[in-house]
1. Could you give the length gained on full extension between B:Leu239 and B:Leu207, defined as 0.36 nm per residue of separation minus the Cα-Cα distance, in nm?
2. For a quick check of understanding: with a 1.4 angstrom probe and all protein chains in place, what accessible area in square angstrom does A:Glu329 have, to the nearest ten?
3. Leaving out ligands, DNA and RNA but keeping every protein chain, what accessible area does B:Phe156 have, in Å² rounded to the nearest 10, with a 1.4 Å probe?
4. Which lysines, if any, have their Cα less than 19 Å from the Cα of A:Lys137, not counting same-chain residues under 8 positions apart?
5. Share of antiparallel DSSP beta bridges in the protein assembly as shown, in percent to the nearest 5?
6. Could you work out how far apart the two model spin labels at B:Ala216 and A:Ala116 are, taking each label as a point 7 Å from the Cα in the direction of the beta carbon, and quote it in nm?
7. With a Förster radius of 25 Å, plug the Cβ-Cβ distance of A:Phe378 and B:Phe156 into 1/(1 + (r/R0)^6) and report the FRET value to the nearest 0.05.
8. Can you put A:Thr263, A:Thr297, B:Thr272 in order of accessible area, largest first, using a 1.4 Å probe?
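The values are calculated or read from the model by the stated rules, or taken from the named source; none is laboratory data. Here the structure is a predicted model, which means the values were calculated and not measured. All Cβ positions, glycine included, derive from the backbone under ideal geometry; neighbour counts span all protein chains shown. These accessible areas exclude ligands, DNA and RNA; they are computed on the full protein's heavy atoms, side chains included. Shrake-Rupley method; radii C 1.70, N 1.55, O 1.52, S 1.80 Å.
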Amino acid sequence: MTKHSAFARALRAGAAAVALAVFAAAPAMAQKVVNVWHTEPNPRTKAVIDGIIADFEKENPGVKVVQEALAWGDLDKKMQAALASGAFPEIAHGQAYNERSLSAKGLLRPMNDVIASIGEQDIFPVVRKLNYNEKEKTYYGLAHAVGVDLTIYRKDMMREAGLDPEKAPATWREWIDQLKKLTDKSKGRYGLSLAGPGFFINEDIYMWVGSNGGRLFDEKGRPTFTEKPVIETLEFWKELADCCLAPDWLSRGYLDTFGDVATGKAAMIVGWGRGTDYFEQYAPDAVAKGDIGVFKTKPVGPSAGGKPFLTQFDSEAWMIFKNSKHPEEGAAFLKFFHRADNYLKYIQSVPVHFFPVTQSLRTDPRYLATPAFQKWKFWVDAQHEVIEKYEPKPVMITEWKDLDFPFIAELANSTILVDMVTEVTRGQRTPVEAARRAQQRAEQLITQLGYRKW
Amino acid sequence: MATTNRSSPLGPLDLPRPEPRERRVPEHLWGYVLVAPAVLLVLGLILYPVGYSFWLSLHSKHAYMPIETFIGFENFVWIWEDEDFWRSIRLGMVYAFGSLSLQIVVGVGAALLLNQSFVGRGFVRALALFPYMMPTIVVVILMRWIFNDSYGVAKFLIEGSGLMARAPVFFDPDHVMLTMILASTWTFFPFVVIGVLARLQTIDLELYAAAKVDGAGVLRQFWHVTLPQIRGVLFVIVLLRFMFMFTKFDLIWLFAGAGGLGYFVRTLPIYTFVKSFGELQVGFGAALSVIMFTMLSAFAVVYFRLFRRDEHA
């Protein structure tokens, strides 16, 4: 065989291989891919979403849905890269303030059709309020599920300390008194365990300022950190740190705090229903005896003036990016996802923490028969009561109008509020000094970002 | 009219005829051509990013929104007046000098030991390099486990041995910098071991023999023979490790993050990250990077000059 003929034969074989590859890839290339970025990496939830995707793809040939579960911090970074490069996913989770900010910049597809397909009036009023843009009469997002931050505690430790385990503290003063009785530093036992990373300090500061009748911003978006309710909150936090928190509380991760309650290192924490799994795994005795409890209400500060407490609404929204490749297919997927049967499966993948956004599902016998509710129904009921009566709000939002300020994400990701709390609790600055410094830093940040309106 | 006549009255000049010239690229141009890829690589990979950082530092630029305004040196003015910037420099110095000093002491000590003859030396040498080969995330998880206040091995050993009634809380604000320095020392001392051990093995043994004849003990041998011999290596190690530690990001970030506990170890790289990707102010972050780059360059220049002057003295 000559060199020439060998070369020609190789060339023909190569061409045939390329043709085959192109032919084989053709159906895949014709598919419309819907990318879904979410923050539920729990294997059970991912498996349920996989099932929903498979059913959707059967009903919608030519559409392929790809889910990507990410940790919160990772999603933020991935989103930044996507926004900078213009490579948007079709669908992504986002905090409420991100939803407002992105819709104001014209990046989101309206979701009124998705809401209509679910039944607008079926959605809990507080969820509608959260996701509805009053000015534009448009929904730009919808919470995938909701949850409420509650005080979680050990009833047995309350009893040991001579406290009534069913009586929730009504004021900060009552709470401090309870926590002091629950603290025994010589035994390494503390009344309260708080998570120390910045995100969680942000969560606590806005809830407590709101529970003290306060706010973080005025009508024009100017920070109000030097107002009395904020100063009192800092004084309260300092007292808490001195009397009732572990000395290493700043290094405690969120899950560590659940470990503290499970092992009896702390009597109380603030947190979410996802922790039930943790208790079942690490404190099965306490669960079996019914010694894990949650309070339906939270205490208020001295300046509350009759206003109710503020607690956090875990309510990340689905958003559809207008400039993604297949936004309409994305909308179709969300409509399919929220069909009662599919949504029930999703909610049951994290049965206590995922509270449904639709009232019909809340009363659906299939939902009420969720096995986990035999142990944890009181927790779900407590969340329901807060959702119905107390208007929980998302992180950093003390008043609904705050959602429209375009700098909330930057402020939340800065260390300004976190440093304010840290400096006070460590005694490095008085509450007034720390608040002044935080005020000055926040005003500077908002000015530098070009969002100053006062 | 004057005419030009190349012929001499004595007859035609017998000048050598020039050979026909070849059309060749001059040799020095070939040099430029051959060096060009390397120059382009350096320009693309080093000078362009540095230049772009400087350009960004003159702007108010959002991390992902198309907001970019030229503001001259305003970012640098903000930084000059920024209390947190100066604090981050101070914390960075404490961390860099603290961990560097311990790495040098432990690293040189370990290298001296590993330079001795003993059974299993090869295995121990390999083992000594182990911390340096571990991924940072593994080191952090390991350290967090060892130093945990509830179930940590360190707490168990300290309290169990009766050394202290209650072990210190390694991750509280009072101790977190020390914990970070200890963790960094453990992770990076093998770098010193590798460099110093390689040099120790090339020292002429006759120098030690001569020192012994002169009556020098172990310490004086170290001071007058070993130390001068490893000085050159130590010079490079100190320079590199200081720069590595001053710009260290991953270990501190994974240990403490930005807020809460991170407040107490928020060095300049962490602060720069928070400004760039937390507050989304890329221009401000770039200005911080430019300052960091300038500081380290200045440090390297001063360090080289001091060392050279010392060498010539």
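1. Numbers: separation 32, 0.36 × 32 = 11.52 nm, distance 2.75 nm.
Result: 8.8 nm gained on full extension.
2. For A:Glu329, solvent-accessible area is about 40 Å².
3. 150 Å²
4. A:Lys105, A:Lys129, A:Lys322, A:Lys401
5. Around 65 percent of the beta bridges assigned by DSSP in the protein assembly as shown are antiparallel ones.
6. Each label point is offset 7 Å from its Cα along the Cβ direction, giving 9.2 nm.
7. Numbers: r = 37 Å, r/R0 = 1.49.
After rounding, the FRET efficiency stands at 0.10.
8. Values: A:Thr263 110, A:Thr297 45, B:Thr272 15 Å².
Result, largest first: A:Thr263, A:Thr297, B:Thr272.
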